[in-house]
There are 2 protein chains.
Amino acid sequence: MKDYCIAIHGGAGTILKSSLTPELENSYRNALKKAIDAGESILKDGGTSLDAVEKAIISLEDEPLLNAGRGAVFTNEGKHEMDACIMNGLDLSAGAVAGVSNVRNPISLSKAVMQQSEHVLLAGQGAMRFAEKVNAKFEKDEYFFVQMRYDQLLKAKETDSILLDHTQGEKNNKTKFGTVGAVALDRNGNLAAGTSTGGMTNKKYGRVGDSPVIGAGTYANNATCAISCTGHGEFFLRSVVAYDISCLMEYKGFTLKQACDKVVMDKLVKIGGEGGLIALDKNGNIELPFNSEGMYRAKKYANSEIFTAIYSD
Amino acid sequence: MKDYCIAIHGGAGTILKSSLTPELENSYRNALKKAIDAGESILKDGGTSLDAVEKAIISLEDEPLLNAGRGAVFTNEGKHEMDACIMNGLDLSAGAVAGVSNVRNPISLSKAVMQQSEHVLLAGQGAMRFAEKVNAKFEKDEYFFVQMRYDQLLKAKETDSILLDHTQGEKNNKTKFGTVGAVALDRNGNLAAGTSTGGMTNKKYGRVGDSPVIGAGTYANNATCAISCTGHGEFFLRSVVAYDISCLMEYKGFTLKQACDKVVMDKLVKIGGEGGLIALDKNGNIELPFNSEGMYRAKKYANSEIFTAIYSD
C-alpha cells in the first residue's frame, strides 16, 4: 500500500509580506491547514483522492477569505458567478460548472455533473436547473456577501478595471488571481484534481476562465499527474496549461519538476501569463510552482508535518 | 511564398449512403463546396487563414442543413444555444462563446471576443451582452426555425433522449454529431482553426461540449497544426483531443497522420469517443480522420480540384 499525500492552493498573485498583517497572514495559514486536515481525514481512512479533493475544496469554498464559494468576488452586476471542475485520474472522468450563482459548493456540483449526468460541462442557468435536480445546497445572496469583496467591487468600478482582484492593504494596483484548488494521491495510487473560483472582481459578459476547463485549469491522469491552476485565466486557456504538463511527462519523458518549470517559469512567462499551479505525480512528488510574487499553498504527506507558505521563499 | 490550402467539416456520425437520397447528398456536397469557395476567396487574394476560417464557417452557419448557426438544433426548451471558437496559430490568440442565442454567426462573435475583449471565453447572457456591445448581427427565432430540426426535437422528446441529433431517413436510432469547422494555411504560412455548433437536440442544463474549448474541439499553433473536431463532445473534452495531436507532434515527433491515427483511431476509440476531426499542419498536409461511419468533409489546395466526401471510403 502506497501512502497518501495532498496539496492545495488558495490563489496566486501579488501577495507581499508588506501587504498582509500578521493577523491576516495567520488567518490565511489557518484556512490552508483546515483544508488540508479536511482532505487528509478522507485519505488516512483509505478514502479516494476524489473525495479528498472535494472535501478540501469545500473547506476552502466555505472560507470567506478566499475567492471561491462564500468568498467569491462580485461581478460587475453585483452578483457572484462561480466556476469549478473536478477530475478523476483513475478513468479520466470529469465534471465542471461555469457561471453558477447561489450554489454553496460548486466543487460538489461539479462532482454531481460527473457522477449523475451524461455531461462534463454545464453552464449558467442550465447548470442551476441541474443543481436543483440533484438537490445541491443553495445559499441566499447574504451568505456570499463579504464586505471586503464588496469594497473591492466599488474600487474596481471606480477605475472600470475588470481584471483586478485586488488584495486588501495598501498596494491596490496589484493583482491577485483568486482561485482555490486541490490535488491528492490516495492509498490505492489514484490521482484526482479539483479547482473552484469566483472569477474576477467586476467581471462582465459571462467571462469564463481556465478553472472549469479540463486540460487548462484542471487535469488528472493516473499515468502522469494531477494539476490545479491559479492565474490569469486567459493565458492558461490559450496555453492548455494543465494538459501541457501531462504531455511533457508522457510524451517527452520530463519529470514533474521539469514539466512544471518549462510550463510555469518559461512558456507562461513568455506570453505574459502570471500565476501558478499545484502538481502531484503518481509517485507522490509534489511541485508548487508560481511566477507571481506569492501563492497561498500547502502540502502534506502521511506521517509528516504540514507545509504552508504564502510568499516566494 | 508558400501556397494555401483549406479543409472543412460539417459534422460526423452515422451517415450512411442508404439514409441519404441522391438529392440530399447533392445538397450537402454543394454546401461544402460553397464554404470552401468562401474560404478560398480570402486565401487566394493573400488574406489570412483566420479570415478564411471565419468566412468558410459563416457559409456553413448560414446553411440550414448543418447544425450550426441557422440550422442549429433545438434544445429541450425549444431554443437554440450555440457554441463557437476560433484560434490564430500565429500568436495563439483565441476567442470563444458558449450558449449564445439569436446570434447569426457565432464564429464572428468568437473573433470579436478575441480581437475586441481581454477575454477568451464568454458564456450565456453575458456573451449576448457582449454581442450587443460589438454590434453582432442578431436574427429572430424564425430565422433559426428549420422544420427538420423541430421534428428531431419532437422525436427526441418522445424517447427523452438527450444526446441524439438524429439524421433524417429511416435509421432514427443513429447519432450524428452536428458541428461545422474549418482549418486553413495562408500564403504567409500561418495556420488558423475554427469550430461552430448548435449542440445536441433536446439538450438540457446548459450543456457545453468541446467545440468552444481551446485544446479540446479547436486548436491552432503555427509550430504544429490546426485542428477542428466533431463528435461526442464529452469524450473530446476529457481527452483534450486537439491539443493532444499538437503535443504528439511537438513532443514526440509524430507526423500529422501518426498523431491523428493515434488520437482518433486508438485513444478515442478505447474510451468510446465517436467522431472525427480535420487537421492541417504547417507544411500543408491535411488529414480528415473519423472513427464514425461518415463525416461531411472537403479540402482544397491552391490550383487543384476540390475534394468532397461524406461516407467512409
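Observations on the model:
- Residues within segment B:232-275 that are in contact with a strand residue (DSSP E or B) (Cβ under 7 Å, 6 or more places away or on another chain), more than 18 Å from B:Ala7 (Cβ to Cβ) and either hydroxyl-bearing (Ser, Thr, Tyr) or open to solvent by 20 Å² or more (accessible area, probe 1.4 Å) (or both), tallied: 4
- Selection from segment A:58-76 of residues that are of a type in the set (A, V, I, L, M), open to solvent by 20 Å² or more (accessible area, probe 1.4 Å) and not in a loop (DSSP other than H, G, I, E, B): A:Ile58
- Being away from chain B (no Cβ under 11 Å) and either touching a residue at least 12 places away in the same chain (Cβ under 8 Å) or not hydrophobic (A, V, I, L, M, F, W, C) (or both) holds for only one residue in A:Met249, A:Met265, and it is A:Met265.
Residues are listed down the side, and each one gets a yes or a no for (1) within 13 Å of chain B (Cβ to nearest Cβ); (2) open to solvent by less than 10 Å² (accessible area, probe 1.4 Å):
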{"site": "A:His80", "(1), (2)": "no, no"}
{"site": "A:Val100", "(1), (2)": "yes, yes"}
{"site": "A:Asn105", "(1), (2)": "no, no"}
{"site": "A:Lys111", "(1), (2)": "no, no"}
{"site": "A:Gln116", "(1), (2)": "yes, no"}
{"site": "A:Leu121", "(1), (2)": "yes, no"}
{"site": "A:Ala127", "(1), (2)": "yes, yes"}
{"site": "A:Glu142", "(1), (2)": "no, no"}
{"site": "A:Asp151", "(1), (2)": "no, no"}
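- Taken together, A:Ala242, A:Ala226, A:Ala220, A:Ala192 contain a single residue that is touching a helix residue (DSSP H, G or I) at 6+ places or on another chain (Cβ under 6 Å) and modelled with pLDDT of 95 or more, which is A:Ala192.
- Residue pairs whose Cβ atoms lie under 7 Å apart, sitting 6 or more positions apart in sequence or on different chains, and linking a residue in segment A:275-304 that is within 15 Å of A:Glu40 (Cα to Cα) to a partner that is among the polar types (S, T, N, Q) and assigned to a strand (DSSP E or B), are A:Ala298/A:Thr308.
- Within segment B:37-53, the set of residues being in contact (Cβ under 8 Å) with a residue 60 or more places away in the chain and either over 18 Å from B:Ala193 (Cα atoms) or buried (at least 24 other Cβ atoms within 10 Å of the Cβ) (or both) comprises B:Gly39, B:Leu43, B:Ser49, B:Leu50, B:Ala52, B:Val53.
- Cβ-Cβ under 9 Å pairs, at least 6 apart or on other chains, segment B:124-153 side acidic (Asp, Glu), far side part of a strand (DSSP E or B): B:Glu132/B:Phe138; B:Glu139/B:Val103
- Only one entry in B:Lys33, B:Lys17 is in contact with a strand residue (DSSP E or B) (Cβ under 9 Å, 6 or more places away or on another chain), buried (at least 16 other Cβ atoms within 10 Å of the Cβ) and basic (Lys, Arg), namely B:Lys33.
- Enumeration of residues in segment B:85-98 that are open to solvent by 30 Å² or more (accessible area, probe 1.4 Å) and within 11 Å of chain A (Cβ to nearest Cβ): B:Asp91, B:Leu92
- Taken residue by residue, segment A:141-151 has at least one member that is modelled with pLDDT under 90 and either touching a strand residue (DSSP E or B) at 6+ places or on another chain (Cβ under 7 Å) or among the polar types (S, T, N, Q) (or both).
- Strands (runs of 3 or more DSSP E) contained in segment B:179-232 and holding at least 2 residues of a type in the set (A, V, I, L, M): B:180-185, B:191-197, B:225-231
- Unmet criterion (only one of (1) at pLDDT below 95; (2) touching a Gly at 6+ places or on another chain (Cβ under 6 Å)) for B:Asp313: (2)
- Residue satisfying condition, being part of a strand (DSSP E or B), touching an Asp or Glu at 6+ places or on another chain (Cβ under 9 Å) and surrounded by fewer than 24 Cβ atoms within 10 Å (Cβ to Cβ), within set A:Ile278, A:Ile310: A:Ile310
The values are calculated or read from the model by the stated rules, or taken from the named source; none is laboratory data. Remember, predicted model here, so these are calculated numbers, not experimental data. Every residue, glycine among them, receives a Cβ derived from its backbone with ideal geometry; neighbour counts consider all protein chains shown. Surface areas here come from the heavy atoms of the whole protein model, side chains and all, with no ligands, DNA or RNA. Shrake-Rupley method; radii C 1.70, N 1.55, O 1.52, S 1.80 Å.
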